[in-house]
Structure formats: structure tokens, C-alpha cells
Amino acid sequence: MTEQRNTVILTGASRGIGHATVQRFSDEGWRIITCSREDVPEHCKRNPNWSHHLPTDLSNTESVATFVSDVNDILGDQPAHALVNNAAVSPKTPYQERLGCLNGDLDRWREVFELNLFTPLLLARGFAGALGRGAKDSGGAIVNITSIAGHAIHPFAGSAYSTSKAALSALTREMAVEFATLGVRVNAVAPGEIETEMVGEEYEPLINRIPLHRMGKPEEVASCVYRLCTSDFGYVTGTEIFVTGGQHVY
């Protein structure tokens with residue numbers, strides 16, 4: 001009989017932290033099921049562990065429901081061992097300003113909360129059964145990607161994004177209690193300034209507020225996410241780990 005591999009479901013996989021996290025799980029031999037608005041780069045399609053990628057609009061509840069249904073069909077009666085809620089949005093106004101309390105249409109605020117808060121909740125509910133089976137197998141875990149901006153005022157993260165991430169931190173704690181009845185652990189990772197496509201020259205002054213005096217790498221966030229999904233952290237739930245180079249202590 002072929003040994004069953006662990007399976008991770010991950011959102012926002014096409015670039016940045018999500019893509020680095022896919023690579024880390026693949027390096028560890030996990031089967032990977034992902035979604036994003038975009039297709040994966042061509043060179044990634046040669047990764048045999050990346051078994052399924054489903055283009056999905058996670059800001060649309062019907063599209064989310066379809067993704068959940070399709071993935072559960074793929075899994076069948078097999079378990080899922082981890083869910084990583086990575087996809088998020090931080091839109092700007094037509095004047096390229098971040099959405100704040102005094103500007104921007106409230107419908108845009110609702111769009112931010114739909115993707116950054118409600119979608120992780122819908123996915124966790126939708127995969128609860130599969131994750132529960134994973135818990136009985138070799139452990140089940142959910143990791144929500146929050147942000148340093150959910151804990152302190154950030155110059156480039158608008159109020160809509162920041163408050164949605166703060167809400168996701170609170171949701172993580174609530175989920176940890178309720179999902180514990182299934183044997184599933186729920187934690188969060190809060191990145192700081194990470195070198196991704198979203199970071200520009202305007203971020204350089206922030207390095208002075210980082211004790212390690214550098215930006216982080218997507219791979220460093222991915223390593224933390226991966227470890228939270230393993231037995232190394234088997235007694236850790238309801239926790240948020242800051243991957244900020246110490247920036248959050250200021």
C-alpha cells in the first residue's frame with residue numbers, strides 16, 4: 001500500500017508569501033491544493049507535489065463555496081492536515097491612497113472584510129470535516145496569515161486592511177477554542193516588512209524600526225507556517241507568532 005502523504009490547502013498561492021509557503025510544503029513532501037485569482041507560473045506546474053490549483057475569486061461567496069466543494073470532492077474520504085488562509089487584499093482609493101476611516105467607499109471596506117475575514121471563516125467551516133480526519137491521522141492545523149498592521153498603526157496599511165487583520169487575530173483565538181473539539185489546532189502568523197511584490201522604495205525608512213535591521217524573506221514566513229502545521233507545535237493553539245524581525249516590540 002502506498003503511504004498516504006499529508007495534504008495542505010492554501011489560498012493566495014501564485015506569488016509572495018503564499019508561493020514561498022507552497023515551495024516549503026513541497027520540499028517537505030506534502031501534497032498541495034491551492035487557489036488564487038491567477039494561474040500558477042508555468043515552471044511551478046512541473047512540481048509533482050502541487051497536485052491541484054483551482055482559479056478562484058475568494059471575495060465571492062459563491063466562488064468560495066465552489067472551491068470548498070471541489071476540494072472536498074478531490075479529497076473524498078481522505079484527510080486534510082492543514083489549511084493556510086493566506087489570501088488578502090489591501091486596496092487603494094482612485095487617488096492611490098490606502099483606505100482609511102475618512103476616505104473611500106464603505107463598500108470597499110466590506111470587500112476587504114469579505115476576503116480578509118469572512119473567507120477564512122468560510123474555508124475553515126468548509127474543511128472542518130477533512131481537517132478533523134487529519135487530526136485523527138497525524139494532526140490537523142489551521143494557520144491564518146494576519147499582519148503586524150493589525151496590532152499597531154502602519155504608515156502604508158490603511159484602516160480597512162489593518163482592522164480586518166485585527167479581526168482575523170481575534171477570530172483565530174475563537175476558532176482555536178471551537179476547533180479544539182475536532183482536535184484541530186488554530187494559530188496565526190503575523191508578518192512584518194517582507195520582501196514581496198507589494199513592497200516598494202517607500203518601505204526603506206521602516207528598516208530603522210526593525211531591530212534586525214533588514215526586511216524579512218517570504219521563505220522565513222513560510223518556515224514558521226510550516227512548523228505550526230507539524231507535531232513540533234502539537235500543543236500550540238490560539239497563538240499568534242510575529243515574524244517581524246522584532247519590529248512589533250516598538
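The values are calculated or read from the model by the stated rules, or taken from the named source; none is laboratory data. In this text, all values refer to a predicted model and were calculated from it rather than measured experimentally. Cβ placement follows ideal geometry from the backbone for every residue including glycine, while neighbour counts extend to all protein chains displayed.
Looking across ALA222, ALA166, ALA176, ALA170, one residue alone is without any contact (Cβ under 8 Å) to a residue 12 or more places away in the chain, out of contact with any His (no Cβ under 6 Å at 6 or more places or on another chain) and either assigned to a helix (DSSP H, G or I) or more than 23 Å from LEU123 (Cα to Cα) (or both). It is ALA170. Any chance you could count how many residues in segment 158-209 are surrounded by fewer than 19 Cβ atoms within 10 Å (Cβ to Cβ) and either under 26 Å from SER138 (Cβ atoms) or at pLDDT below 90 (or both)? Looking only at that region, the number is 23. Within segment 192-199, not a single residue is outside any loop (DSSP other than H, G, I, E, B), of a type in the set (A, V, I, L, M, F, W, C) and farther than 16 Å from THR244 by Cα.
Of all residues assigned to segment 228-248, at least one qualifies as being among the aliphatic types (A, V, I, L, M), under 19 Å from the mean Cα position of the chain (by Cα), in a strand (DSSP E or B) and crowded, with 19+ Cβ neighbours inside 10 Å. Applying the criterion of being β-branched (Val, Ile, Thr) and under 24 Å from ALA13 (Cα atoms) to the residues of segment 210-227, the residue that is surrounded by the most Cβ atoms within 10 Å (Cβ to Cβ) is VAL225. Being among the hydroxyl-bearing types (Ser, Thr, Tyr) and under 15 Å from the mean Cα position of the chain (by Cα) is a condition met by at least one residue of segment 185-196. Is there a residue being of a type in the set (Val, Ile, Thr) and at pLDDT 95 or above anywhere in segment 131-144? Yes; the residues of segment 131-144 include at least one that is of a type in the set (Val, Ile, Thr) and at pLDDT 95 or above.
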